[in-house]
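A quick write-up on the structure given underneath.
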Amino acid sequence: MEKVDITIIGAGVVGLAIAAEVADDTREIVVLERHETFGQETSSRNSEVIHAGIYYPKDSLKAKLCVEGKQLLYQVCHRHGIPCQQTGKLIVALNEEEVKGLEMLLAKGEQNGINDLRMLSTNEVKKMEPHIQAKAALYSPSTGIIDTHSLMKYFESAAKDKGAALAYECEVKSIEQCAQGYEVGVQDADGEAFSFLSRVVINSAGLHADKIAALAGIDIDAAGYRIHYCKGEYFKVGGGRHKLVHHLIYPSPTAISLGIHTVLDLQGMMKLGPNAFYVEEIDYQVEERHKKDFLESIKPILPFVEEDDLSPDMAGIRPKLQASGEEVRDFIIKHEESSGLPGLINLVGIESPGLTSAPAIAKYVGKIAGKYLGP
Ligand SMILES: Cc1cc2nc3c(=O)[nH]c(=O)nc-3n(C[C@H](O)[C@H](O)[C@H](O)COP(=O)(O)OP(=O)(O)OC[C@H]3O[C@@H](n4cnc5c(N)ncnc54)[C@H](O)[C@@H]3O)c2cc1C
């Protein structure tokens, strides 16, 4: 049976970043992706924001990997011509209570090592963004936007150039532990089943990472790996309104999301989103009737947006570890040696800021895999 050193399951931005990191000509590396090309799920259904790392608890993986990932992303973009723009971001407070919330957020951001955050007064906000309403705002100059497709294309090419094989239309169906590591069972585009051996298996399957962990024999409820789908829809903003805003504008965050915010793209167009609600099934339909909620939530900050300006755009699904109403959870990135599955590395719950964190996650996982495989 064919043997490889490392199998990466999933060619989203995280799986591809890991492939680019671990690939070297001395190792056999394969990426298995069930779609016909990379980035067909969450990695192409998000806000494309390079986050600063403000919101996450001190010392969490989300905080550490986001702050490191942001720096690495800007470097990768500048070195390899990947379109990005350091737009800066304003998180807006509308009343005294929210101002206190922003002050706490500022302290949290500073604890996470972000040293360029600044509170802005009403007048300072007006100078920067004359058309928005705010009592105060927290300004994050290092936040930006990125062309995620170009980033994924770059990671894919870098991985291939260093000898990794990208196998599309290959769905992982089974993972059996064996003396040599794992026997990975795959179904290809023609429905043909085949299997091969891999010393290391890296599960970067996004919304399906819990199912992959279960295939490898993990009790996902006991381990706390069950994923809950939390949908986020976007509405396009027409009517030339995009010309009235120059930064990413966020409201004060809620427990499960950063709130409906402006999403600027590299062409200068504007969307609003994402909202956040738990769903049972994966479905990317945008419900027109949610337009009213969008308007209601954004109007106090962007009073110039009218109902007729909004049209349904796209949706994404967050792979959340916490069910509705539960405490916020961190990323899980775990070598399962202690669960009796050495060589299996699970990445579960890689929701936002997973795009920003991708290059830092890749280094983190690369170290684990490198240590396990040895020189
Ligand atoms: C609405 C929304 C907005 C977001 N905004 C931001 C943002 O602005 N900034 C930010 O940093 N992050 C953001 N994120 C988070 C970010 O998009 C994700 O963290 C990131 O894309 C996760 O990438 P991934 O590679 O882990 O997963 P995915 O992109 O989902 O890739 C997983 C891949 O695994 C494949 N796969 C699954 N099962 C199998 C199998 N059995 N066999 C083979 N292949 C399989 C899938 O087909 C898929 O291609 C947002 C997320 C959402 C939902």
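Residues checked against (1) over 13 Å from the mean Cα position of the chain (by Cα); (2) within 13 Å of the ligand (Cβ to nearest atom); (3) over 26 Å from S257 (Cα atoms):
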| residue | (1), (2), (3) |
| --- | --- |
| A19 | yes, yes, yes |
| R27 | yes, no, yes |
| I54 | yes, yes, no |
| Q75 | yes, no, yes |
| K89 | yes, yes, no |
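Kindly indicate whether any position in segment 160-173 is of a type in the set (S, T, Y) and either within 10 Å of the ligand (Cβ to nearest atom) or touching an Asp or Glu at 6+ places or on another chain (Cβ under 7 Å) (or both).
Checked segment 160-173: at least one residue is of a type in the set (S, T, Y) and either within 10 Å of the ligand (Cβ to nearest atom) or touching an Asp or Glu at 6+ places or on another chain (Cβ under 7 Å) (or both).
This table checks each residue for (1) touching a Cys at 6+ places or on another chain (Cβ under 8 Å); (2) under 17 Å from H51 (Cβ atoms); (3) surrounded by 19 or more Cβ atoms within 10 Å (Cβ to Cβ).
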| position | (1), (2), (3) |
| --- | --- |
| A222 | no, no, no |
| Y225 | no, no, yes |
| K231 | no, no, yes |
| V237 | no, no, yes |
| G240 | no, no, no |
| H246 | no, no, no |
| L266 | yes, yes, no |
| P274 | no, yes, yes |
| Q285 | no, no, no |
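Taking K162, is it outside the structural domain of L102 (by TED's automatic domain parsing) and under 29 Å from M269 (Cβ atoms)?
no
Of everything in segment 86-120, what is of a type in the set (D, E, K, R) and in a helix (DSSP H, G or I)? Give them in sequence order.
Result: E96, E97, E98, K100, E103, K108, E110.
Quick one: in segment 324-375, of everything that is part of a strand (DSSP E or B) and hydrophobic (A, V, I, L, M, F, W, C), which residue is farthest from K58 (Cα to Cα)?
The qualifying residue farthest from K58 (Cα to Cα) is L344.
What number of residues within segment 14-26 are part of a loop (DSSP other than H, G, I, E, B) and at pLDDT 95 or above?
1
Somewhere in segment 166-184, is a residue buried (at least 16 other Cβ atoms within 10 Å of the Cβ), over 26 Å from the mean Cα position of the chain (by Cα) and of a type in the set (S, T, N, Q)?
Taking every residue of segment 166-184 in turn, at least one turns out to be buried (at least 16 other Cβ atoms within 10 Å of the Cβ), over 26 Å from the mean Cα position of the chain (by Cα) and of a type in the set (S, T, N, Q).
Go through segment 311-323 and report how many residues are within 16 Å of the ligand (Cβ to nearest atom) and part of a loop (DSSP other than H, G, I, E, B).
The qualifying residues number 2.
For F196, are the conditions met, namely being touching a helix residue (DSSP H, G or I) at 6+ places or on another chain (Cβ under 9 Å) and either outside any helix (DSSP H, G or I) or assigned by TED's automatic domain parsing to the domain that holds I8 (or both)?
No, not satisfied.
What pairs come out if I take residues in segment 32-53 that are touching a residue at least 40 places away in the same chain (Cβ under 8 Å) and more than 21 Å from A276 (Cα to Cα) and pair them with residues that are near the ligand (Cβ under 6 Å from one of its atoms) and of a type in the set (D, E, K, R) whose C-beta lies under 8 Å away, six or more apart or interchain?
L32/E171; R34/E171; H35/E41
Under 6 Å by Cβ, and 6 or more places apart or on different chains, what pairs join a residue from segment 1-25 that is under 21 Å from L151 (Cβ atoms) with one that is small (G, A, S) and at pLDDT below 95?
Hits for this filter: zero, empty list.
Which residues, counting only those in segment 29-62, are part of a loop (DSSP other than H, G, I, E, B) and β-branched (V, I, T)?
T37, I54
Can you pull out the residues in segment 29-52 that are near the ligand (Cβ under 6 Å from one of its atoms), under 21 Å from D283 (Cβ atoms) and more than 18 Å from the chain's Cα centre (by Cα)?
Within segment 29-52, R34, H35 meet the criteria.
The values are calculated or read from the model by the stated rules, or taken from the named source; none is laboratory data. The structure presented is a predicted model; accordingly, all values stated were derived computationally and were not measured. For neighbour counting, all protein chains shown are included, and Cβ atoms are generated from backbone atoms with ideal geometry for every residue, glycine included.
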